[in-house]
Amino acid sequence: NYLPELVDLAVNKDGMVFTADTVTGKIYIYDQNGNSVACFGGEGTKEATFKAISSIAINSKNQILVLDQALNTIQVFTPTDFMENVLQAVTLYNNGKYDESLVPWQKVLEMDSTYKLGQVGVAKSLLRSGKSSESLNLYIKALDKEGYSEAFSQIRTDLFRQNFAWVVLIIIVAIV
């Protein structure tokens with residue numbers, strides 16, 4: 001348990017927020033809705049660690065530049081293919097492009113089939129596309145109770161709509 005000391009933040013062209021915490025020496029990435037997307041770095045003096053972060057910036061290539069005042073260094077981090085796909089998928093989904101976000105999410109899961117954010121991302125995209133049963137299975141894999149509940153509710157609603165005439169007929173027969 002610690003109180004974070006966020007010394008700086010940067011926002012990329014898609015609205016993703018990058019924050020720097022001097023207590024842990026970590027960089028945190030959040031989507032446009034404030035959901036955690038990734039975290040990297042740590043306290044230390046080796047490559048990809050920091051002693052005292054004083055500033056961060058994002059350039060047009062989504063590279064993260066981190067200034068460490070104690071080490072007198074600027075480290076530049078270029079997103080991996082995995083992270084590029086995550087950032088693209090999150091941005092597309094949050095911009096309402098659910099079908100388009102499915103492709104980068106599937107690429108993410110090809111690289112790491114156990115990545116929970118990827119499983120939830122594909123499940124959300126499938127649910128928005130009307131593929132409730134497929135999304136239900138991914139929500140189960142991701143242990144996402146809220147998403148599972150939403151997919152299950154959609155399946156139940158679809159089932160009721162498909163059989164509405166029969167349900168009404170059975171109720172009328174039961175009343176008579």
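When the pairs Lys26/Lys145; Lys61/Lys107; Lys26/Lys116 are compared against a 25 Å limit on Cα-Cα distance, Lys26/Lys145 fall above it. Within the shell of other residues whose beta carbon sits under 9 angstrom from the beta carbon of Leu127, the net charge comes to +1, with Lys and Arg scored +1 and Asp and Glu -1.
Once you place label points 7 Å from the Cα toward the Cβ at Tyr2 and Ser129, how far apart are they in nm? So the label points at Tyr2 and Ser129 sit 4.2 nm apart. Could you please state, rounded to a whole Å, how far the C-alpha centre of the range 2-58 is from the C-alpha centre of the range 99-121? If you average the Cα positions of each part, the centres end up 23 Å apart.
Looking at the chain, the accessible area is 62 square angstrom per residue; that uses a 1.4 Å probe and ignores ligands, DNA and RNA.
Label-to-label distance, Thr45 versus Phe164, with points set 7 angstrom from Cα along the beta-carbon direction: 7.1 nm. Efficiency by 1/(1 + (r/R0)^6): what FRET value for Gln63 and Met111, r their Cβ-Cβ distance, R0 = 25 Å, to the nearest 0.05? The pair Gln63/Met111 has a calculated efficiency of 0.80.
Ligands, DNA and RNA left out, the accessible area of the chain computed with a 1.4 Å probe is 55% carbon and sulfur. On the beta carbon distance between Ser149 and Lys97, with R0 = 25 Å, the FRET formula returns roughly 0.55. Maximal additional length on extending the Thr80-Lys141 stretch stands at 19.5 nm, based on 0.36 nm per residue less the C-alpha distance. Applying both filters, DSSP loop and at most 11 other Cβ atoms within 10 Å, to the chymotrypsin sites (Phe, Trp or Tyr not before Pro) of the range 1-47 gives Tyr2.
Output needed for the range 61-176: three equivalent-ellipsoid semi-axes, defined as square roots of 5 times the C-alpha gyration tensor eigenvalues, in descending order, whole Å.
45, 12, 11
The values are calculated or read from the model by the stated rules, or taken from the named source; none is laboratory data. Here the structure is a predicted model, which is why all the values come from computation and not from measurement. Note that we place each Cβ from the backbone using ideal geometry, even for glycine, and neighbour counts take in every protein chain shown. When the accessible area is computed, the model is the full protein with side chains, heavy atoms only, and any ligands, DNA or RNA have been set aside. Shrake-Rupley method; radii C 1.70, N 1.55, O 1.52, S 1.80 Å.
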